[in-house]
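> Just dropping this structure here.
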Amino acid sequence: MLEVHRTHRARILNRSQVEDSLDRHGWSASKLWNVANYHSRQVWEDTGEIPDHEELKRELKGHN
């Protein structure tokens, strides 16, 4: 069974060195989540089924 974890906690000791990179990665992750969610809703409306993990990876792998 596929387990989904959406939250990870970590302590950042060198915040000033990594802050900008982490902000960019967080922004990108939120946009990718939105695209995946939109795609899943479209597939659901068209077929009545939720796309699985592999289908989402295929669809989103090349997404800008």
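Where a number appears in this text, it was derived from the coordinates with a stated rule and is not lab data. Everything numeric in this text was worked out from a predicted model, so none of it was measured. In this analysis, Cβ positions are derived from the backbone assuming ideal geometry, glycine residues included, and neighbour counts consider all displayed protein chains.
> When the chain is modelled as a GNM with alpha-carbon springs shorter than 10 Å, which of R24, R11, R41 fluctuates the most?
R11
> Could you tell me how many degrees, from 0 to 90 and to the nearest 10, lie between the Cα long axis of helix 15-47 and the main elongation axis, the longest principal axis, of the Cα atoms of the chain?
Roughly 10 degrees between the two axes.
> Could you compute the FRET efficiency for S40 and S16, with r as their C-beta to C-beta distance and R0 at 30 Å, rounded to 0.05? Display every interim value, and only then the final one.
On the way: r = 38 Å, r/R0 = 1.25.
The calculated FRET efficiency here is 0.20.
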